[in-house]
Structures are given as C-alpha cells and as structure tokens.
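*Asks:* Quick one: this structure, given as structure tokens, is what I'll be asking you about.
The values are calculated or read from the model by the stated rules, or taken from the named source; none is laboratory data. For clarity, every value in this text was computed on a predicted model and none was experimentally measured. Here the Cβ positions follow ideal geometry from the backbone for every residue, glycine too, while neighbour counts run over all protein chains shown.
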C-alpha cells in the first residue's frame, strides 16, 4: 500500500462527508494493513547509497607514503560501487558517473575511469569538465590522438579553459624533465625569496615522523645559507592536538632560526591545500622566487601545484624550484614513476579548481 493510495482513500472519505475522526481511522487502518516497515522512496535509497560512499571515503581517513596522500584502494571500490548503484536509480545524475570515475583515478585504474568519463560524455557531449578530464587521462595513458581530440573540443566550447589545460601540460612536462637536486646553494634565493617546506603526517602521539625531521634538516641548511629568506611551513593534519606547521616552527626556532622569518600554515590537509593556502602568504610578501622542500619522491608534485596555485594568487612572475630530501637515491627517481605522475596530474586538476567528487554529501576537491 503506498502514499498515493492513502491520499485517494482520504479524498474519497471527504467526498462522502466523513468526519475528521473517520478520516483518521481510515489512515490508521490503511497503515496498519501494510506489510512494509517503512515506505521507502527512491530519493531515500540514493541518499543512503551516497552516505555509504561517504563512510567508505572517510574510513580509514588517510594513508601516507613519502608525502603521497591517498585513500585506501578497497575503499575506492566501495565508493565507486555505491555511486554507480545510485546512478542506476537516477540516470540523469551525470555527476555520479564523474565522481565514480575520479574514485577510480584514486584507485589508479585509469582505464576504468576513462570508460566512466566517456559514458558521462555520451549523456552530456558538450560538458567542459568531461572533455578536460578525458584530455588529461588519455594523455596520461599515452593516447595522444584521443587527448588532442578532447582538447580541440574543449577549445571550441571554452577557449580559456583549453589554454589553461595546455599550460598545465607544459608545466608538468617542464617540472618532470628538470633534474632533482639536493645541494643547498648559498644566496640563491635573493632579496625577495622564500623557503616553503611541506609537512608530513605526524605520528599518532603528535610527534614528528623521521621523514618530516629530515625535511626540516634540509630547511635549516637552506635557511642558514639564505638568511633573508622567508620560511613558510605548511601542514595542518592534527594529531594529539598538534599540527605539522606549529611543530616545524618550534623545531626551527629551537635550532636558532628567528621566529620573525617564519610563517606557520596550520590548515592544509593535503599537498593541494599546501599550495592553495601557502600561495597567499607568498603573494602577501611579494615573493619573487620560492624553493619548495619535500621528499624527493614528492617534491615535483609540490612544485607543479604551487605553480598552478600562483596563477590565481600571484605574485605575477613568481618562479619556483625545489630542494629534495633524498628519501630515495635521486638516480632512482630520475625517471618519474607512473604512480607519481598520476598523482601530479590528479592534483594539478584539483589545484586548478576541478572537483574530484561533486555528488553531495560526497563533495571533495
């Protein structure tokens, strides 16, 4: 028995002059005769599936490998499954397909992601973001002709975004081709220079991981070689009521670095956040050149994201380079791995402003 039938019964009762108590009796009788515990709507099912996707997305919260922050792959399969179940019920919700595709990007299954993006494009052939996603991931997969096809389509739909995408590709190609360095150069930062040190997940007790301390050792050497440089310390995932930014600042001050040189950024929870939040500090102080310090396996991603973030915030003409703490021998990292490159492409889009998950309550850049 459904609510429409209940409504019809009530209307009929009114037509025959039934009193209010009689109407109440009819509704009670109809409800009592149903065999269902709850009257579930399609909306309620979709909401439940999306809430399940959110729960899978958040648990476990994060794992980190030398600065590469990602979700557990098994969780991403659950996220994808729930989103696609919801899409079966609401086939106009193309956002569910896009979110599912990006879950597969996090799961490093680019082929599956491309299939889902193309399925979404068949529904919305002029969608600007879909052409951008497909241009990126076809390029990543080495399908240059397919990537170019989507870039051309994007140029017709939104020339400015197509130009930005080309700039992103050029930035990534240049950074990836630049050799990593671990040598500190005295005076290299000049008058309006800055050092930007990227945080690393704290231990559960709130102490700094050895990787983060090694990054700080590198920071200290560069700060001593460039005594006028500003120092931005970025990282805000709390553990035991402490954040990376604050602990890094305390460590450097204890080593003799003036607190006046230090800016703590205690809010970023990812490399994307590092770039977006820190770029405003660089803009405020009119920094002309910044050196980014992180682990060697992570620092190229940091540079790409900071460059993209600075396109919006400035300062105009700011340049970046990197200094690596060699968590791995640099010769082993000379050729970038596919996993590292995937992280760069994925987070470049996020920094540029494209949301990975756009299906409320699963919304995340």
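*Asks:* Select from the stretch 309-324 the residues that are assigned to a helix (DSSP H, G or I) and crowded, with 16+ Cβ neighbours inside 10 Å and list them in ascending order.
*Replies:* If the condition is that a residue be assigned to a helix (DSSP H, G or I) and crowded, with 16+ Cβ neighbours inside 10 Å, then 309, 310, 311, 313 are the ones that fit.
*Asks:* Another one. Look at the stretch 111-147 and say how many of its residues are assigned to a helix (DSSP H, G or I) and closer than 19 Å to residue 358 by Cβ. Walk me through how you get there before you give the answer.
*Replies:* Let us first name the residues in the stretch 111-147 that are assigned to a helix (DSSP H, G or I), namely 111-123, 128-140, 144-147.
Still in the running and closer than 19 Å to residue 358 by Cβ: 112-123, 128-137.
Summing the residues that are assigned to a helix (DSSP H, G or I) and closer than 19 Å to residue 358 by Cβ in the stretch 111-147 gives 22.
*Asks:* Which of the residues that make up the stretch 277-308 are over 22 Å from residue 343 (Cβ atoms) and in a helix (DSSP H, G or I)? Walk me through it before giving the result.
*Replies:* Keep residues of the stretch 277-308 that are over 22 Å from residue 343 (Cβ atoms), which gives 280-289.
Matches in the stretch 277-308: 280, 281, 282, 283, 284.
*Asks:* For the stretch 154-205, enumerate the residues that are under 30 Å from residue 239 (Cβ atoms) and part of a helix (DSSP H, G or I).
*Replies:* At the first step, the residues of the stretch 154-205 found to be under 30 Å from residue 239 (Cβ atoms) are 180, 182, 184, 194-205.
Listed by number, the list is empty, since nothing qualifies.
*Asks:* With respect to residue 123, is the statement that it is touching a helix residue (DSSP H, G or I) at 6+ places or on another chain (Cβ under 8 Å) and closer than 28 Å to residue 332 by Cβ true? Don't jump to the end; show me each part of the working.
*Replies:* Numbers: touching a helix residue (DSSP H, G or I) at 6+ places or on another chain (Cβ under 8 Å): yes; closer than 28 Å to residue 332 by Cβ: no.
Criteria not met by residue 123.
*Asks:* Of the residues 121, 130, only one is free of Cβ contacts under 8 Å to residues at least 60 places away in the same chain and closer than 20 Å to residue 348 by Cβ; which? So that I can check it myself, show each step before the final result.
*Replies:* Working: 121 fails: closer than 20 Å to residue 348 by Cβ.
One residue alone meets the criteria, 130.
*Asks:* A follow-up question, please. Which numbered condition in (1) part of a helix (DSSP H, G or I); (2) in contact with a strand residue (DSSP E or B) (Cβ under 6 Å, 6 or more places away or on another chain) is the only one that residue 231 fails?
*Replies:* It is condition (1) that residue 231 fails.
*Asks:* Go through the stretch 278-288 and count every residue that is surrounded by fewer than 19 Cβ atoms within 10 Å (Cβ to Cβ) and in contact (Cβ under 8 Å) with a residue 12 or more places away in the chain. Break it down into steps so the answer makes sense when it comes.
*Replies:* If we filter the stretch 278-288 for residues that are surrounded by fewer than 19 Cβ atoms within 10 Å (Cβ to Cβ), which is where we start, we get 280, 283-286, 288.
Filter once more, so that each one left must be in contact (Cβ under 8 Å) with a residue 12 or more places away in the chain: 280, 283, 285-286, 288.
Going through the stretch 278-288 one residue at a time, the tally reaches 5.
*Asks:* Consider the stretch 345-363. How many of its residues are within 18 Å of residue 101 (Cβ to Cβ), in contact (Cβ under 8 Å) with a residue 60 or more places away in the chain and crowded, with 16+ Cβ neighbours inside 10 Å?
*Replies:* Total satisfying the criteria: 13.
*Asks:* Moving on. Could you grab the pairs with beta carbons closer than 7 Å, sequence gap of 6+ or different chains, first residue in the stretch 230-248 and in contact (Cβ under 8 Å) with a residue 60 or more places away in the chain, second one buried (at least 22 other Cβ atoms within 10 Å of the Cβ) and not in a loop (DSSP other than H, G, I, E, B)?
*Replies:* Close Cβ pairs satisfying both conditions: 237/244.
*Asks:* I'd like to check something: does the stretch 325-343 contain any residue that is surrounded by 22 or more Cβ atoms within 10 Å (Cβ to Cβ), within 29 Å of residue 110 (Cα to Cα) and either modelled with pLDDT of 95 or more or out of contact with any helix residue (DSSP H, G or I) (no Cβ under 7 Å at 6 or more places or on another chain) (or both)? Before you say what the answer is, go through the steps one by one.
*Replies:* In the first step, residues of the stretch 325-343 are kept if they are surrounded by 22 or more Cβ atoms within 10 Å (Cβ to Cβ); the result is 325, 343.
Next, only the ones that are within 29 Å of residue 110 (Cα to Cα) stay: 343.
Adding the requirement that they be either modelled with pLDDT of 95 or more or out of contact with any helix residue (DSSP H, G or I) (no Cβ under 7 Å at 6 or more places or on another chain) (or both) leaves 343.
Yes, the stretch 325-343 has at least one match.
*Asks:* Here's something else I'd like to know. Is one or more of the residues making up the stretch 187-205 surrounded by fewer than 19 Cβ atoms within 10 Å (Cβ to Cβ), in contact with a helix residue (DSSP H, G or I) (Cβ under 6 Å, 6 or more places away or on another chain), within 19 Å of residue 288 (Cβ to Cβ) and not assigned by TED's automatic domain parsing to the domain that holds residue 288?
*Replies:* Checking the stretch 187-205: not a single residue is surrounded by fewer than 19 Cβ atoms within 10 Å (Cβ to Cβ), in contact with a helix residue (DSSP H, G or I) (Cβ under 6 Å, 6 or more places away or on another chain), within 19 Å of residue 288 (Cβ to Cβ) and not assigned by TED's automatic domain parsing to the domain that holds residue 288.
*Asks:* Another question, then. Being touching a helix residue (DSSP H, G or I) at 6+ places or on another chain (Cβ under 7 Å), in the same structural domain as residue 207 (by TED's automatic domain parsing) and farther than 20 Å from residue 202 by Cα: is that true of residue 272 here? Full working, then the answer.
*Replies:* Values: touching a helix residue (DSSP H, G or I) at 6+ places or on another chain (Cβ under 7 Å): yes; in the same structural domain as residue 207 (by TED's automatic domain parsing): yes; farther than 20 Å from residue 202 by Cα: no.
Judged against the criteria, residue 272 is not a match.
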